[in-house]
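Q: Below is a structure I'd like to ask you about.
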Amino acid sequence: MSTKMTMNNNKRRIKEHNPVLNFFTFLVMFIVVVACIVPFLYIVAMSFSSPVAITNNRVSLWPVDFTIEAYKSVYEYPNFFRAYGYTFLYTLGGTAIALIMMVLFAYPLSKDWLKGQGFVMKLVVFSMFFSGGLIPNFLLINSLHLVGTVWAMLLPYAINQFNLIILINFFKSLPGEIEEAAVIDGLSYFGILVRIVLPLSGAALATVGLYTAVFFWNNWFSALIYLKSSQYPVMMLLRNIVNGRTMIVDNGGMGEKSSLSISIKSAVIILSSLPIILLYPFLQKYFVKGMTVGAVKG
């Protein structure tokens, strides 16, 4: 009797504290959302404002002297769309290769009865904290004759240890009875992976795919080291523009510019970030579910 009374009292206390807890939760969420949205809106406003309004500090969160000249200047810059094409190539190709490699690696490691599974997992965790460093990595990629090719942006990042562990834990959470029944029916383990495991792993694959796509989309440092200037992705171009590098526009008789206005820099930031921003809402529900199952269960 006393135990029931204690449980009821605890429930009442939780209910009494819930409004306060909810208030602070929503307050923190609101602050985080504002901290993320306000800078983005400011960049959007600057990209549609005239350089004079920006120079005079008249722009806040709404465009002043609305103009699309900044976007026209970006459109007239030939290397921007070429860089955009390479970015899509690196993102789509790198994500596809990474998902294939990590699935083929994670599925065997999700089997505790596999000989050597524990040792390989220790190697995965060890490599997550320790690496050879920048110069050994460059020497390795150079010895493989990948420098100056698009493969230097794709193959070295095919497996990410953190994403691999998410997939391993997710595969472990799937019911083993399904695979046992498939084995009895004569299906091979590769067939089980393709026909049973992957259709049930949409949440985990979407989570890992989003992580990987964002990485490849934002990866400019590897391009700086391994690629020619004609192969640069849009983020590398953005880095050069934000640092004040010269942009040459051949169309419309504009000639060479010694520097870029802030409005053009803002327009480039918006155009380079927009695809990933638009992609996230479609994967959000899978992202949350995949993170929860892949990280907690195991």
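Q: Can you name the residue in region 111-170 that is of a type in the set (V, I, T) and not in a helix (DSSP H, G or I) and is also nearest to N219 (Cα to Cα) among such residues?
A: So the first thing to find is which residues in region 111-170 are of a type in the set (V, I, T), and the list is 120, 124-125, 135, 141, 147, 149-150, 159, 165-166, 168.
With not in a helix (DSSP H, G or I) added as a condition, the list becomes 147, 149-150, 159.
Working: V147: 16, T149: 15, V150: 13, I159: 15 Å.
Of everything passing the filter in region 111-170, V150 is nearest to N219 (Cα to Cα).
Q: Taking T207 as the residue in question, decide whether it is assigned to a helix (DSSP H, G or I), touching a Gly at 6+ places or on another chain (Cβ under 7 Å) and either surrounded by fewer than 18 Cβ atoms within 10 Å (Cβ to Cβ) or at pLDDT 90 or above (or both). Spell out how you get there, then give the answer.
A: Values: assigned to a helix (DSSP H, G or I): yes; touching a Gly at 6+ places or on another chain (Cβ under 7 Å): yes; either surrounded by fewer than 18 Cβ atoms within 10 Å (Cβ to Cβ) or at pLDDT 90 or above (or both): no.
No: the conditions fail for T207.
Q: Yes or no: region 285-292 includes at least one residue that is surrounded by fewer than 18 Cβ atoms within 10 Å (Cβ to Cβ), hydroxyl-bearing (S, T, Y) and modelled with pLDDT under 85.
A: yes
Q: Within 28 Å of the chain's Cα centre (by Cα), under 21 Å from A98 (Cβ atoms), surrounded by fewer than 16 Cβ atoms within 10 Å (Cβ to Cβ) and of a type in the set (V, I, T), is that true of V194?
A: Working: within 28 Å of the chain's Cα centre (by Cα): yes; under 21 Å from A98 (Cβ atoms): yes; surrounded by fewer than 16 Cβ atoms within 10 Å (Cβ to Cβ): yes; of a type in the set (V, I, T): yes.
Against the criterion (within 28 Å of the chain's Cα centre (by Cα), under 21 Å from A98 (Cβ atoms), surrounded by fewer than 16 Cβ atoms within 10 Å (Cβ to Cβ) and of a type in the set (V, I, T)), V194 qualifies.
Q: Additional query: I168: closer than 23 Å to V214 by Cα and in contact with a Gly (Cβ under 8 Å, 6 or more places away or on another chain), yes or no? First the steps, then the outcome.
A: On the way: closer than 23 Å to V214 by Cα: yes; in contact with a Gly (Cβ under 8 Å, 6 or more places away or on another chain): yes.
Yes.
Q: Determine whether region 169-181 contains at least one residue that is in contact (Cβ under 8 Å) with a residue 60 or more places away in the chain, among the hydrophobic types (A, V, I, L, M, F, W, C) and within 17 Å of L123 (Cβ to Cβ). Spell out the reasoning first.
A: Initially, region 169-181 is screened for residues in contact (Cβ under 8 Å) with a residue 60 or more places away in the chain, giving 169-173.
So of that shortlist, the ones also among the hydrophobic types (A, V, I, L, M, F, W, C) come out as 170-171.
Restricting the remaining residues to those that are within 17 Å of L123 (Cβ to Cβ) gives none.
So far as region 169-181 goes, no, none of its residues is in contact (Cβ under 8 Å) with a residue 60 or more places away in the chain, among the hydrophobic types (A, V, I, L, M, F, W, C) and within 17 Å of L123 (Cβ to Cβ).
Q: Follow-up. Based on what the data block shows, is N160 modelled with pLDDT of 85 or more and polar (S, T, N, Q)? It would help to see each step written out before you state the result.
A: Numbers: modelled with pLDDT of 85 or more: yes; polar (S, T, N, Q): yes.
Considered against the rule, which asks whether it is modelled with pLDDT of 85 or more and polar (S, T, N, Q), N160 comes out as yes.
Q: Between a first residue in region 106-126 that is in contact (Cβ under 8 Å) with a residue 40 or more places away in the chain and surrounded by 10 or more Cβ atoms within 10 Å (Cβ to Cβ) and a second residue that is of a type in the set (A, V, I, L, M) and part of a helix (DSSP H, G or I), which pairs have beta carbons less than 6 Å apart while being 6 or more apart in sequence or on different chains?
A: That search, which allows pairs on different chains as well, returns A106/L164; A106/L167; A106/I168; Y107/L193; L109/I168; S110/I168.
Q: Take the conditions over 27 Å from A206 (Cα atoms) and within 23 Å of the chain's Cα centre (by Cα) and apply them to F138. Does it pass? Lay out the reasoning, then the answer.
A: Details: over 27 Å from A206 (Cα atoms): yes; within 23 Å of the chain's Cα centre (by Cα): no.
Judged against the criteria, F138 is not a match.
Q: Another one. In region 31-69, what residues are more than 22 Å from the chain's Cα centre (by Cα) and of a type in the set (A, V, I, L, M)?
A: So in region 31-69, the residues more than 22 Å from the chain's Cα centre (by Cα) come out as 31, 42, 45-69.
I31, A45, M46, V52, A53, I54, V59, L61, V64, I68 - these are the residues of region 31-69 that are more than 22 Å from the chain's Cα centre (by Cα) and of a type in the set (A, V, I, L, M).
The values are calculated or read from the model by the stated rules, or taken from the named source; none is laboratory data. Small disclaimer: the values here were computed from a predicted structure and weren't measured. Every residue, glycine as well, gets a Cβ built from its backbone with ideal geometry; the counts of neighbours run over all protein chains shown.
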